[in-house]
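The values are calculated or read from the model by the stated rules, or taken from the named source; none is laboratory data. In this text the structure is predicted, and so the values were computed from the model without any measurement. Glycine also receives a Cβ, built like all others from the backbone with ideal geometry; neighbour counts cover every protein chain displayed. These accessible areas exclude ligands, DNA and RNA; they are computed on the full protein's heavy atoms, side chains included. Shrake-Rupley method; radii C 1.70, N 1.55, O 1.52, S 1.80 Å.
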Amino acid sequence: MLNASELRKAMQGATAISDEVISHIYKERWLQIWVPQAYGGLGCDFKTGLLYLYDWAKIDGSLGWMLTLCAGANYFSRNMQPNTAKALFASEYTCFGGSGMLGGTADEQADGTFVVHGQWEYATGAPYLSHFTLNAKLLKQGKPVVDDTGTAVVHSFIIPKSQVNIIPNWKSMGMKATGTYSFVVKEAVIPADYRFVYDVFYTDDAITKIPFRLFADLTLLVNYLGMAAHFMEEAANTLGSDRIYTHQQRIQIALEGILTYAIQLEGILEQHLPISAALEEEIHHYGRCIVEQLIPQVIQVYTQLGIKGTQVDQPIHQVFCDFFTATQHANFRAEVKK
């Protein structure tokens, strides 16, 4: 059993997550916080799961990001037929992860199987996954499948790691231990029950019904806050707690706002009511404001650290690089004003 301090020490300067840390993750089933208890997962409510993600990101950016995105992919257990999900998640080592991009095709055969082929970018946690998730254009015995408007039909698939080739091409300044790599699938034959559709669910608890955009927004936001909290914690060691206190308080207030929204969302859904477009937009705007405020706060503190902040062997430098790599994610990336 590793505590937070030991996990942070193990991740400092790491370009991969060690076997010891991975073993700890699997043993604690951290990757299965969103997997229903009926399938062997932890089945966390939204607030509890978000707090886990925040704490992990505060320990280390790469650790938190990998856990967030892979646990998020395991959320797709809810999109799978129950017998298939139960069989897959009976193992504590089951870990989904993949790409949200469209990168290939899935050709449905006469026997109901699919032949999947293509290349996708980027799959966080690639070396640690048991299965890869991907989006592919649907074919039927070689012919494109289109909807009533003539648009190509896209479905999602789960591919066993044994049928995937990983391309280790992550070159960013941060998140170096996340194992965020591209991958190639060549003519892999996939059973019909390894196909799923994002908005078709086989579980009915409140968290299942959270709109995917909000799920993605809030899980990423707690990562940013966790990394920022770690950065401020490290900065306090150099600058003193008094100069960092206000920034730390702002992070805590932002986190409490996110958790309040999480409780509100589940409360609405438990009453079998829809999430309004207005509330969805309100939460996204709240997240955008958080990121817009966090970035200059981190920069302001960084410019006070002196040469220590630039030294690549210093923990605070790693946190800085992780934070500014993670915040380039498309969900909240700032638009250039013309």
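Exactly one residue out of 20, 28 is open to solvent by 10 Å² or more (accessible area, probe 1.4 Å) and under 26 Å from residue 255 (Cβ atoms), and it is 28.
Restricted to region 95-113, and to residues there that are touching a residue at least 40 places away in the same chain (Cβ under 8 Å) and open to solvent by less than 10 Å² (accessible area, probe 1.4 Å), the residue that is farthest from the chain's Cα centre (by Cα) is 106. Going by what's in this entry, would residue 314 be described as on the phi < 0 side of the Ramachandran plot and open to solvent by 60 Å² or more (accessible area, probe 1.4 Å)? Here the answer is no, as residue 314 does not meet what is asked.
Against the condition aliphatic (A, V, I, L, M), crowded, with 23+ Cβ neighbours inside 10 Å, in a helix (DSSP H, G or I) and at pLDDT 95 or above, how does residue 57 come out, does it pass? Criteria met by residue 57. All of 251, 275 fail the test of being out of contact with any Ser or Thr (no Cβ under 8 Å at 6 or more places or on another chain) and in a helix (DSSP H, G or I), apart from 251. Per the listing 77, 62, the residue uniquely surrounded by 15 or more Cβ atoms within 10 Å (Cβ to Cβ), at pLDDT 95 or above, part of a helix (DSSP H, G or I) and touching a Pro at 6+ places or on another chain (Cβ under 8 Å) is 77.
Kindly evaluate residue 142 against the criterion of being of a type outside the set (D, E, K, R), at positive phi and in contact with an Asp or Glu (Cβ under 7 Å, 6 or more places away or on another chain).
yes
On the basis of being out of contact with any Gly (no Cβ under 9 Å at 6 or more places or on another chain) and part of a loop (DSSP other than H, G, I, E, B), does residue 49 make the cut? Criteria not met by residue 49. Would you confirm whether or not region 291-309 contains a residue that is in contact with a Lys or Arg (Cβ under 7 Å, 6 or more places away or on another chain), open to solvent by less than 70 Å² (accessible area, probe 1.4 Å), modelled with pLDDT under 95 and not hydroxyl-bearing (Ser, Thr, Tyr)? Within region 291-309, not a single residue is in contact with a Lys or Arg (Cβ under 7 Å, 6 or more places away or on another chain), open to solvent by less than 70 Å² (accessible area, probe 1.4 Å), modelled with pLDDT under 95 and not hydroxyl-bearing (Ser, Thr, Tyr).
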